[in-house]
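In what follows, a single structure is set out as structure tokens and then discussed.
The values are calculated or read from the model by the stated rules, or taken from the named source; none is laboratory data. Predicted, not measured: the structure shown is a model, and the values here were computed from it. In this analysis, Cβ positions are derived from the backbone assuming ideal geometry, glycine residues included, and neighbour counts consider all displayed protein chains.
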Amino acid sequence: MNIFLGQPINNVNNGVMQQKVVKNQAFKVVKGKRFTYYIKTDENGIVKEVVARSSRELAPASYFIQNPENCTKKLVMRVPLRMAIWQYDCPNGKIEYKTFGLPGFLNTEAKLIK
Amino acid sequence: MKKITSKVLLGALLTASSLVGLPHASDALTLDVPAALVPYPGNAIRAAYLMLSMPQDATITSISIVNSGISCYSPPSGFNSLLHPGAPGQYYIDLSQLPSYCPGVAPSAWQSGVDLAINISGTDVSTSNVNADGYALINGFGLKRLPSYFINGGSQPGNVQLVVTAALVPDNNLIHSSYVMLSMPQDATITSISIVNSGISCSSPPSGFNSLLHQTAQGQYYIDLSQLPSYCPGVAPSAWQSGVDLAINISGTDVSTSNVNADAYSYFVFGLKRSPVKVVQGNNSNSSSPGTNSTYIYPGTDYPNEPIITVYIDGQPVQLLADTGASGLIVNSSAVNIPSSDIYSSYSFSQIFGDGSYDTGIMASATVCLNPSITNSCVVMPIGVITSGDAFPTTGESQGDFGLDSSLNIMDIGYNYSSGSSITGFSYPTYLEMQYGINSYTISFYPLSNGYYANVPSTTPIGQISFGVYNGNSNTLIPYAMDYLSGLPDTAGVFPSSSTSFSDNVFFDTGSNYNFLSTYVFQTEIPNFSQSADENACANYGWPYGIVNGGFVISYSLQNYGTSFTTEPSLSFCEAYTNFTLMEDNTLDSGYEMLGYEDFGLSEMLRHTFTWVLANSGPNQGLVQYIGINP
């Protein structure tokens, strides 16, 4: 499933979308086959942030960044085995792509930062 | 407060002891008082009494000092003349009478304790109707109970083990003095001293453990426990004051529970405390004694706060990450030599970690030991053999991951995709429980030399992991059970503040070298928290993005537990580029979106000792149910 940052949420057409408040944060939640996605949008329904959760997988950047091959990728930080943050400089803006977690609990987060 | 007099106490002892029933019957029995303190001119024992309840026609036939060869003379009217009747069948003996009837005992021995054996006979005498207890008043110290036991027949000679429960030991703390009084055959030898459940074996003095003994009379000794800290490295200073369980193994041709007795007491700021001593048959040093099943943790060289242990896989020593954030065991294929017959090449596994590193490999069966010479540290278990990936580079120190969370977030589940079957590699402790009933392990760390940080060489232990059988009170533990969505064990945590609180699941993860806490935690705990102002002061000095500035106090509470810590490091520390391998409470802001858990890494765990307690029956047998945290 692709949930591209900077694009309208209604492009997400696979899976059932629910509104959910998790720790006071409003998300649209989509349960896919491999990941559960937590999506934040702006007032116009444009995707600003996505968190993909799985017990055993990290979602690749291409799930959230359309044509990532057109972006410059830079490692911002890495904490061994537990977290990494990458910055993608793309023609349409900067994106932070963060992976985090441990066996059984893995999160991938992508958000527009500029 | 009402002042308690010795007569009131004696009355209380008379009442209490008459309620005690003992199971075995005999026409004669021996009452043993292992460490009787007795007034003697010039010593510090002001008074000492032994309360005795027995049938009115019973007779004390002899009194002797165990192991010394000393038999006390009978008073002219017999030993019963030493009895002072309190009520029908209720007596006490003023022990100050004994020295005149028991020649040959050194005066100092009456003060340090002698092992009295009192033989009682009579037609109705049995352990069901004879009871005893005693106490002594020590000048300037207070009251010490003098426990007593019945001896019914001998046991096979050879070895015994003394277990001194909650021994308080002087070590520049509030404990002024502490002694174990010991009676044993003269040719007996103390073969080892260890700390129960800790994995700590005390090193022997150059002349052997018997050199710790001070002899007061033939077969009568005491050990000044203040000698122990220098021989028992690895015990946290605070533990000597809060109490440690000592195991003292004694061997000798005539040694048995019939002729080895002991008692212990300590004197501290609140007065006198007795430490009861249990004497058990057999020498447990090479059996399933948990104290021997342990290994040191070393600082890794791959990055700071990397806990490394050496385990033996099919006899091959391998350095692995000691990881309470994962289950199972995975190891680089180049680090082990597993026979092809034990390789299950049709069962493959793959694993990805939070930083995006990964490994893939195949399953195998291997013998995994903490110490190959200790049988019950070895288990045969499925492991994952890494054949490719970058999570554990072969050039690094850590050659794999030794999962220690004992749950179901397993790294190595091998699938045979053609048959649809699988092989699951649980954590080593899970197999230890299933094969030996060893259901607990303790992970402890030594204090850091510079307070909150240290630069420890890779060859110097930073702590240890010890396996044993948990026999404490589970009501005081912290529930730590598996989350069925992730398989990860966790517990409910609360981060309080004066105005509000934030609740989240919490887990403890030695495999994480930082604390990863969500932004919600900092917003709750730090007044007017601002990511721009309160983070990344050290980011320009090689520290990761999102590092929380030093100096903030973070409090959290779990069921049965609460603590707080101060975030590190300070900007001045970062500016100084100080070398370190360990640091407490370096903490990262994991953001708003990292839903579901707060991850306390090694940086918080370094401050505490953790006890993992596994289920020993039921569907979750071998899986963690509780943890204990101390302090």
Q. What is the one condition in (1) within 12 Å of chain A (Cβ to nearest Cβ); (2) buried (at least 24 other Cβ atoms within 10 Å of the Cβ); (3) over 19 Å from B:Tyr441 (Cβ atoms) that B:Gly396 does not satisfy?
A. (2)
Q. What single numbered condition from (1) over 35 Å from the mean Cα position of the chain (by Cα); (2) closer than 19 Å to B:Asn409 by Cβ; (3) in a strand (DSSP E or B) fails to hold for B:Gly356?
A. (3)
Q.
Looking at (1) touching a strand residue (DSSP E or B) at 6+ places or on another chain (Cβ under 6 Å); (2) at pLDDT below 75; (3) surrounded by fewer than 18 Cβ atoms within 10 Å (Cβ to Cβ), which one does B:Ser287 not meet, given that it meets all the others?
A. (1)
Q. B:Leu517 is checked against (1) in contact with a Gly (Cβ under 8 Å, 6 or more places away or on another chain); (2) within 16 Å of A:Gly101 (Cβ to Cβ) and fails just one. What number does that condition carry?
A. (1)
Q) When both residues are 6+ apart or on different chains and their Cβ atoms are under 9 Å apart, which pairs have a first residue that lies in region B:428-455 and is over 24 Å from B:Asp412 (Cβ atoms) and touching a residue at least 40 places away in the same chain (Cβ under 8 Å), and a second that is assigned to a strand (DSSP E or B) and acidic (Asp, Glu)? A) B:Tyr452/B:Glu568; B:Tyr453/B:Glu568
Q) Hey, B:Gly400 hits all of (1) of a type outside the set (Phe, Trp, Tyr); (2) over 26 Å from A:Arg34 (Cβ atoms); (3) within 27 Å of the chain's Cα centre (by Cα) but one; which does it fall short on? A) (3)
Q | Residue that is nearest to the other protein chains (Cβ to nearest Cβ) [pool: residues in region B:572-590 that are polar (S, T, N, Q), surrounded by fewer than 18 Cβ atoms within 10 Å (Cβ to Cβ) and within 20 Å of B:Val548 (Cβ to Cβ)] | A | B:Thr578
Q) If we keep just the residues of region B:336-365 that are out of contact with any Phe, Trp or Tyr (no Cβ under 9 Å at 6 or more places or on another chain) and within 11 Å of another protein chain (Cβ to nearest Cβ), which is surrounded by the fewest Cβ atoms within 10 Å (Cβ to Cβ)? A) B:Tyr358
Q. Out of the residues in region B:591-623 that are touching a strand residue (DSSP E or B) at 6+ places or on another chain (Cβ under 6 Å) and among the polar types (S, T, N, Q), which is surrounded by the fewest Cβ atoms within 10 Å (Cβ to Cβ)?
A. B:Gln621
Q. Going by the conditions given, is A:Ala52 more than 10 Å from chain B (Cβ to nearest Cβ), part of a strand (DSSP E or B) and closer than 30 Å to B:Asp405 by Cβ?
A. yes
Q: Only residues that are surrounded by fewer than 20 Cβ atoms within 10 Å (Cβ to Cβ) and hydrophobic (A, V, I, L, M, F, W, C): list them for region B:299-335, please.
A: B:Ala335
Q) part of a helix (DSSP H, G or I) and modelled with pLDDT of 95 or more: does that describe B:Ser572? A) yes
**Q.** region B:491-513, residues that are free of Cβ contacts under 8 Å to residues at least 24 places away in the same chain and away from chain A (no Cβ under 14 Å)
**A.** B:Ser498, B:Ser499
Q. Got a sec? Which of B:Pro233, B:Pro237, B:Pro206 is over 22 Å from the mean Cα position of the chain (by Cα) and over 30 Å from B:Pro103 (Cα atoms)?
A. B:Pro206
Q: Give the number of residues within region B:542-569 that are assigned to a loop (DSSP other than H, G, I, E, B) and either within 14 Å of another protein chain (Cβ to nearest Cβ) or under 27 Å from A:Lys74 (Cα atoms) (or both).
A: 7
Q: Sort out which residues of region A:64-86 are within 10 Å of chain B (Cβ to nearest Cβ) and either buried (at least 19 other Cβ atoms within 10 Å of the Cβ) or under 16 Å from the mean Cα position of the chain (by Cα) (or both), and write them in order of number.
A: A:Val79, A:Pro80, A:Leu81, A:Arg82, A:Met83, A:Ala84, A:Ile85, A:Trp86
